[in-house]
Structures are given as structure tokens and as C-alpha cells.
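Here's the structure we're looking at; comments come further down.
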Amino acid sequence: MESSKKQTLSIKVDPFNTDFAKRWSWMSLGKTLLNAAELHAKNRGFGMYNVNSENCTWVLSRLCVEIFEMPVVWDTVNVCTWIENIYRLFTDRNFSIKGADGKVYGYARSIWALIDYTTREPQNLEQMYGDDFGGFLAPEEECPIRKQGRVKPLDNDCWVKDIKSEYSDIDLNGHVNSIKYIEHIMDLFPMSDYENGRNMSRIEIAYMSESYYSDILSLYKKKIDDDVYEVEVRGRKDDSDSTLSQMNTLVRCKLFFK
């Protein structure tokens, strides 16, 4: 714990958390951000164990990550996190991603909600943790990347494929893990794109509904510009006769490549 407001999680990029080009994988990056957030919260009394005892759990509502250069195998990465703001139903948490020598690899912004396990309704953070959060807010910390914008619904003709959520998609909350969506979204692009040096540099993702084991996930993709895409993920139960209009929108996101 480096201060009462910030927490740093240090990791070494090992070979099993890289892609074919020996770069830190986006999936491992995403999981490290979540682990840093949990470590920060746990050390201050509102981590998963604490809120679970109140029949609640933290859920990720928005995530925006911008990478200037991706670390490579054996690099040491320091992920620092802090809380920027707290509102009635949401809290803003930011991250910096730096090397051991201080080199800046990127930044991230996120928005979280605390929901009741039974009702799935968001809880009033100001009532539950307002006094505790007050001493940990660090709005003065710099997170220079812009906040994410809104992504409009995509037309049905943007459909690319359907996949079925499996065992490896499900997290400790019993729904599809937020980072697994990023993995499925990146798989919408051919291997040749990544082999030719075309790398994702920024992702803006909004989590809108939950999905569960064996749900059918329908993925839609639209090219906005040469290096900009919008993606939407919708879900339905495998045993239903749902039409497209009856599907739940699970995720909307915008991807930037360079």
C-alpha cells in the first residue's frame, strides 16, 4: 500500500500471459486491472469479502483502456489504481500502467456499481461507504485519457456470429466475466490483422446486462473508420425461441486500432 489513496500491483509479464508476438495480452491486462482494483478495495475494507457479507457484490459498468505501447514478455509492470469520485450509485476508479523504470504504457478509466445479490439492484454507495470512501478519493491524480463516449445500437445486418457461453466464461459472480467479452470481441478480427502489426490501442466498453452459462451470445461489428470499429453483444437463453427484438443487449463497445 503506497498511500492511503493509491494502491500499486506489480507483476512480471510471463510467457503464458502474452500473445503470439510476445506482447502482454489484453486479457491478462484486463484481469490485472481488476485484481488491482480488488486489492485496493480489500486493503481499505470494502473488497469482495467485505461486501459479500452484506449480500452485495461489485460489478463493472464501464471500462476504457488506452495503451500507448504494450509491455512485452519479462517486462515488470506496475498497475496503480485510485478512486476519482463517488456518486450515489456509481464510483469512478482510474488506473495508470507503467514500467519499473517509470515508462508510461497507458491508462484506464472504469465505473463500478455495488449491487444486491438477490435483487440485482444497485446500492446507495454514499449511505453504505460514503464516509469510508471520503478519505480515499484522489481526484488530483492524473488520468489524461479522455472519457469514453456512447455507442449507438447496431443494425441487425451487422451480425457476425453466435457463440455459446461455456464453463471458462463464468466468474465467481456466476455470470460471464467482463474480460471474457474483450477476448470474444478481439476474436472478431482475423489473425492476419494482428500478424501485420495492427494492434488495438484503445477500447471503450459499456456493460449493460448480465449473461450466464450456456447463453447464446450474438456478436455484431461495424466499421466506422479505417481503424475504428463498434461492436455490440446481445444474449438470449439457449432453450428459447427468442427473436432478435427479444434479445438483451449485454455489451456495447468501440475499438481503436493503430
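The values are calculated or read from the model by the stated rules, or taken from the named source; none is laboratory data. These figures come from a predicted structure and were not determined experimentally. Neighbour counts are summed over all protein chains in view; Cβ atoms, including those assigned to glycine, are modelled from backbone coordinates with ideal geometry. For accessibility, only protein heavy atoms count, side chains too; no ligands or nucleic acids. Shrake-Rupley method; radii C 1.70, N 1.55, O 1.52, S 1.80 Å.
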Exercise for review: Just give me the residues in segment 71-88 being over 17 Å from the mean Cα position of the chain (by Cα) and touching a residue at least 60 places away in the same chain (Cβ under 8 Å), in sequence order.
Suggested key: 73, 74, 75, 76, 77, 78
Check your understanding: Residues 20, 16, 46: which one is outside any loop (DSSP other than H, G, I, E, B), among the hydrophobic types (A, V, I, L, M, F, W, C) and over 15 Å from residue 96 (Cα atoms)?
Key -> 16
Point to revise | Pair list, Cβ < 9 Å and 6+ apart or interchain, from segment 43-62 residues that are at positive phi to residues that are assigned to a loop (DSSP other than H, G, I, E, B) and open to solvent by 20 Å² or more (accessible area, probe 1.4 Å) | key: 55/117; 55/118
Review point. So residue 123 fits all but one of (1) more than 21 Å from residue 61 (Cα to Cα); (2) surrounded by 12 or more Cβ atoms within 10 Å (Cβ to Cβ); what number is the exception?
Key: (1)
**Study point:** Residue ID - farthest from the chain's Cα centre (by Cα), chosen from residues in segment 1-32 that are at negative phi and charged (D, E, K, R)
**Key:** 2
Practice item. Kindly indicate whether any position in segment 212-224 is surrounded by 15 or more Cβ atoms within 10 Å (Cβ to Cβ) and in a loop (DSSP other than H, G, I, E, B). Key: yes
Practice item. Report yes if residue 173 is touching a strand residue (DSSP E or B) at 6+ places or on another chain (Cβ under 7 Å), farther than 21 Å from residue 61 by Cβ and at pLDDT below 95, otherwise no. Key: no
Exercise for review: Identify, by number, the condition in (1) open to solvent by 40 Å² or more (accessible area, probe 1.4 Å); (2) at pLDDT 95 or above; (3) among the charged types (D, E, K, R) that residue 88 doesn't meet.
Suggested key: (2)
Check your understanding: Taking residue 40 and the conditions (1) touching a residue at least 40 places away in the same chain (Cβ under 8 Å); (2) part of a strand (DSSP E or B), which numbered condition does it fall short on, given that it satisfies the others?
Key -> (2)
Point to revise | Unique residue being outside any helix (DSSP H, G or I), closer than 19 Å to residue 108 by Cβ and basic (Lys, Arg) when the list is 234, 202, 198 | key: 202
Review point. Among 93, 109, which is buried (at least 20 other Cβ atoms within 10 Å of the Cβ), in contact with a helix residue (DSSP H, G or I) (Cβ under 8 Å, 6 or more places away or on another chain) and within 15 Å of residue 36 (Cα to Cα)?
Key: 93
Practice item. Write out, first by first residue and then by second, each pair whose Cβ atoms fall under 6 Å of each other, whose residues are 6+ apart or on separate chains, and whose first residue, in segment 14-36, is without any contact (Cβ under 8 Å) to a residue 12 or more places away in the chain and of a type in the set (S, T, N, Q) while the second is open to solvent by 40 Å² or more (accessible area, probe 1.4 Å) and outside any helix (DSSP H, G or I). Key: 25/19
Practice item. Name the single residue, out of those in segment 49-69 being within 20 Å of residue 173 (Cβ to Cβ) and assigned to a strand (DSSP E or B), that is most open to solvent (accessible area, probe 1.4 Å). Key: 62
Study note, to complete from the structure: Exception for residue 167 within (1) within 23 Å of residue 37 (Cα to Cα); (2) of a type in the set (Ser, Thr, Tyr); (3) open to solvent by 40 Å² or more (accessible area, probe 1.4 Å) falls at (1)
